[in-house]
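Visitor: Take this structure first; my questions come after.
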Amino acid sequence: MTKLYIGNKNYSSWSMRPWVLMRHFGIPFEEVRIRFDSFDPGSGFKRRIAEVSPVGRVPVLVDDDGLAIWDTLAIAETLAERHPQLALWPRDPRARARARSVVAEMHSGFGALRSHFPQHIEARLPEVGARVLAAEPTVRADLDRIVSMWHGLLDAHGGPFLFGEFSIADAFYAPVCGRLRTYALPLPADAAGYVGRVFASPAVAAWEADALAERDFLQFEEPYRTRPDWA
């Protein structure tokens with residue numbers, strides 16, 4: 001069976017995307033979780049993931065014959081190609097082109113929001129969210145762009161997800177939804193409703209349940225809860 005190598009579910013936003021996508025569409029896979037111990041070259045995590053990926057990062061999809069596909073976008077495109085009967089991308093060509101655009105934007109952009117607000121599924125850090133949003137205009141710009149994008153897509157396609165039915169786009173923005181919850185960032189009603197629907201979807205709910213069950217506090221992944229000035 002195809003294996004999907006992932007990191008800690010509480011922290012690994014990159015791992016979350018293909019896992020949620022495959023789980024939602026019923027694509028069978030064996031989960032291989034490699035615990036984050038450190039990202040130093042000699043760490044257990046780096047040594048283990050180097051056995052299957054030359055880039056030393058998760059996620060990695062590995063076929064029975066040993067073919068490895070790394071990078072979330074490459075994995076998503078490969079899955080869509082292998083399962084054309086499933087609408088991983090929207091069926092409509094124009095919607096599909098737009099979905100690819102917003103997924104690529106997520107894949108390569110929103111660096112300020114992602115760096116200042118790392119993924120912590122189990123945490124609730126509203127004070128951090130308010131302070132960072134007030135101090136970092138680039139984070140506010142990222143948030144405004146996401147809210148504007150979601151508003152346009154939900155309005156154009158009628159919801160409940162960005163392109164009507166759940167797709168690769170929603171899997172890619174699911175970690176952002178988690179960040180918005182963790183840091184309690186202010187959202188208009190349509191965006192807040194979308195976040196709620198994403199986390200109520202079975203695949204995302206399953207990921208969240210697993211993340212909460214980990215109970216694995218990694219200090220090097222906690223820039224706020226390990227700093228007295230952010231307490």
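Visitor: In region 1-82, which helices (runs of 4 or more DSSP H) lie fully inside it and hold 1 or more residues that are in contact with a Lys or Arg (Cβ under 6 Å, 6 or more places away or on another chain) and closer than 19 Å to ARG114 by Cβ?
Guide: Filter on region 1-82 gives 72-82.
Visitor: Of all residues in region 129-184 being surrounded by fewer than 18 Cβ atoms within 10 Å (Cβ to Cβ) and of a type in the set (Lys, Arg), which is nearest to the chain's Cα centre (by Cα)?
Guide: Checking each candidate, the answer is ARG145.
Visitor: Among the listed residues THR72, THR138, identify the single one that is modelled with pLDDT of 95 or more, closer than 21 Å to PHE199 by Cβ and of a type in the set (S, T, N, Q). First the steps, then the outcome.
Guide: Numbers: THR138 fails: closer than 21 Å to PHE199 by Cβ.
After ruling out the rest, the residue left standing is THR72.
Visitor: Is it fair to say PHE220 is more than 15 Å from the chain's Cα centre (by Cα) and closer than 23 Å to THR72 by Cβ? Talk me through it step by step, then tell me what you get.
Guide: Numbers: more than 15 Å from the chain's Cα centre (by Cα): yes; closer than 23 Å to THR72 by Cβ: yes.
For PHE220, the condition - more than 15 Å from the chain's Cα centre (by Cα) and closer than 23 Å to THR72 by Cβ - is met.
Per-residue answers, yes or no, for (1) charged (D, E, K, R); (2) part of a loop (DSSP other than H, G, I, E, B); (3) without any contact (Cβ under 8 Å) to a residue 12 or more places away in the chain; (4) within 26 Å of ALA205 (Cα to Cα):
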| site | (1), (2), (3), (4) |
| --- | --- |
| LEU113 | no, no, no, yes |
| GLN119 | no, yes, no, yes |
| ALA123 | no, yes, no, yes |
| VAL128 | no, no, no, yes |
| VAL132 | no, no, no, no |
| ALA141 | no, no, no, no |
| ARG145 | yes, no, no, yes |
| MET149 | no, no, no, yes |
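Visitor: Next question, about the same structure. Only one of these conditions is not met by TRP14: (1) surrounded by 22 or more Cβ atoms within 10 Å (Cβ to Cβ); (2) closer than 21 Å to PHE220 by Cβ. Which number is it?
Guide: TRP14 satisfies every listed condition except (1).
Visitor: Now for a different question. Out of curiosity, is PRO93 in contact with a Gly (Cβ under 9 Å, 6 or more places away or on another chain) and over 25 Å from ALA209 (Cα atoms)? Talk me through it step by step, then tell me what you get.
Guide: On the way: in contact with a Gly (Cβ under 9 Å, 6 or more places away or on another chain): no; over 25 Å from ALA209 (Cα atoms): yes.
Taking the combined requirement at face value, the residue does not satisfy it.
Visitor: Here's another thing I want to ask about it. Within region 164-207, how many residues are within 25 Å of ARG225 (Cβ to Cβ), among the small types (Gly, Ala, Ser) and either in contact with a strand residue (DSSP E or B) (Cβ under 7 Å, 6 or more places away or on another chain) or not in a helix (DSSP H, G or I) (or both)?
Guide: The qualifying residues number 1.
Visitor: Within the set of pairs 6 or more residues apart or between chains, which connect a residue that is over 13 Å from LEU61 (Cβ atoms) inside region 6-34 to a residue that is in a strand (DSSP E or B) and among the β-branched types (Val, Ile, Thr) with Cβ atoms less than 7 Å apart?
Guide: If the second residue must be in a strand (DSSP E or B) and among the β-branched types (Val, Ile, Thr), the pairs left are SER12/ILE6; ARG33/ILE6.
Visitor: Tell me, please, whether a residue that is under 19 Å from ALA213 (Cα atoms), buried (at least 22 other Cβ atoms within 10 Å of the Cβ) and outside the structural domain of HIS120 (by TED's automatic domain parsing) can be found in region 35-47.
Guide: Going through region 35-47, the residues under 19 Å from ALA213 (Cα atoms) turn out to be 35-37.
From the residues that got through so far, the ones that are buried (at least 22 other Cβ atoms within 10 Å of the Cβ) too are none.
No.
Visitor: Select from region 144-169 the residues that are under 23 Å from ASP71 (Cα atoms) and touching a Gly at 6+ places or on another chain (Cβ under 9 Å) and list them in ascending order.
Guide: Those that are under 23 Å from ASP71 (Cα atoms) and touching a Gly at 6+ places or on another chain (Cβ under 9 Å): none in region 144-169.
The values are calculated or read from the model by the stated rules, or taken from the named source; none is laboratory data. Given the structure is predicted, the values throughout are model-derived calculations rather than measurements. Note: ideal-geometry Cβ built from the backbone for every residue, glycine included; neighbour counts use all protein chains shown.
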